[in-house]
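Undergrad: The structure is given below, and queries will be raised subsequently.
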Amino acid sequence: PMFESMASFLLIEHYYGRHLAEQPAPIGYPRATTPWRKPYQTADGHLCLMPYTDAHWRDFFIASGHPELAGDARFQDIAARTRHIETLYELTGRIVRQHDTAHWLALCERVQIPAAPVNRLEDLEQDPHLQSVDFFQTLESPAGHRYRSPRNPVRLQRSEVAAVMPPALGQHTREVLLQAGLDEAAVAQLLDSGAARQAAPTFSTAPGISHDR
């Protein structure tokens, strides 16, 4: 089901000409397969920018100081833009590189064009949305050490999986061996001989990795 789900999602656009059963055309949506279809580099980072409608592109070119492109026949409607999509995206990339990300976010908000900054890894802890949903949580180990960790991203109405520290090495050895059918004497012998371990943690390096001494 995972493979089928991904194939279905991908082919919503990329089945393209194959939808025409009587006259099959090439597969692959050219607007998405062009090498220029990617986040745009700004003067200080990267930006996801998606002018889509005729009005979007006209407003973008005028607001960015390129009114001559707003009247260019190659970009007047979606059919023309699709035929010249590589040129369009390349020109847009050159324009976007001229200013920083904040400039373009303000411009796009003003002319109502979808846009969002591309976060760096170090930006994520300060992301307003992730902060608003308490995405990063603090955990404390039995030894008293505190750790920060992303929480489970899925929240269900009547069920929530709480973030917890992982078991320490050997923490459940005795319980597992008893569940496997060994009696108390056999478990004690394994523990005494060192063939099995049961120990409390003395320190941890990170959530998911525990060590004993």
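Undergrad: Going 7 Å from the Cα of residue 105 toward and past its Cβ, which residues in the range 120-156 have a backbone nitrogen under 15 Å from where you end up?
TA: Under cut-off, by backbone N: 120-132.
Undergrad: Another one. If you place +1 on the Cβ of every Lys and Arg, -1 on the Cβ of every Asp and Glu, and leave all else neutral, what size is the dipole of the range 1-91 about its Cα centre, to the nearest 20 Debye?
TA: Here the size comes out at about 140 debye.
Undergrad: Oh, and also: Can you pull the accessible area of residue 161 for me, 1.4 Å probe, Å² to the nearest 10?
TA: 100 Å²
Undergrad: Among 28, 162, 147, whose Cα sits farthest toward the positive end of the charge dipole of the chain (+1 at Cβ of Lys/Arg, -1 at Cβ of Asp/Glu, about the Cα centre)?
TA: About the Cα centre, the residue reaching furthest to the positive side is 28.
Undergrad: Ordering 47, 191 by accessible area with a probe of 1.4 Å, largest first, what comes out?
TA: On the way: 47 0, 191 50 Å².
Correct descending sequence by accessible area is 191, 47.
Undergrad: Also, quick follow-up: Would you work out which of 107, 188, 89 lies farthest towards the positive end of the dipole of the chain, given +1 charges on the beta-carbon of Lys and Arg and -1 on that of Asp and Glu, about the Cα centre?
TA: So the residue we want is 89.
Undergrad: Let me ask another. What ranking of 31, 197 comes out by heavy-atom accessible area, probe 1.4 Å, highest first?
TA: Greatest to least solvent exposure: 197, 31.
Undergrad: Right, something else. In debye to the nearest 20, how big a dipole does the chain give about its Cα centre with +1 on each Lys and Arg Cβ and -1 on each Asp and Glu Cβ?
TA: Value, rounded to 20: 300 debye.
Undergrad: Right, another one. Any idea what angle helix 184-193 forms with the longest principal axis of the chain, computed on alpha-carbon atoms, 0 to 90 degrees, nearest 10?
TA: The angle comes out at about 80 degrees.
Undergrad: Can you give me the Cα centroid spacing of the range 119-197 and the range 35-50 in angstrom?
TA: Each part reduced to its Cα centre gives a spacing of 39 Å.
Undergrad: When only C-alpha pairs under 8 Å and at least 6 residues apart count, what is the relative contact order of the range 39-93, in percent?
TA: Dividing the mean separation by the residue count of the range 39-93 yields 23 percent.
Undergrad: Right, another one. With N denoting the number of residues in the chain, provide Rg(C-alpha) divided by 2.2 N^0.38 Å, to two decimal places.
TA: 1.66
Undergrad: Wrap a convex hull around the Cα atoms of the range 1-86, take a quarter of its surface area, and give that in square nanometres.
TA: Its average projected convex-hull area is 7.9 nm².
Undergrad: Points 7 angstrom from Cα along the Cβ direction at residue 122 and residue 46: gap in nanometres?
TA: Placing both labels 7 Å along Cα→Cβ, they lie 1.7 nm apart.
Undergrad: Right, another one. Counting only protein chains, not ligands or nucleic acids, how are 61, 9 ordered by accessible area (probe 1.4 Å), most first?
TA: Correct descending sequence by accessible area is 9, 61.
Undergrad: Now for a separate question. Can you give the accessible area of residue 82, probe radius 1.4 Å, in Å² rounded to 10?
TA: 30 Å²
The values are calculated or read from the model by the stated rules, or taken from the named source; none is laboratory data. Given the structure is predicted, the values throughout are model-derived calculations rather than measurements. Every residue, glycine as well, gets a Cβ built from its backbone with ideal geometry; the counts of neighbours run over all protein chains shown. What goes into the accessible areas is simple: the full protein's heavy atoms, side chains included, and nothing from ligands, DNA or RNA. Shrake-Rupley method; radii C 1.70, N 1.55, O 1.52, S 1.80 Å.
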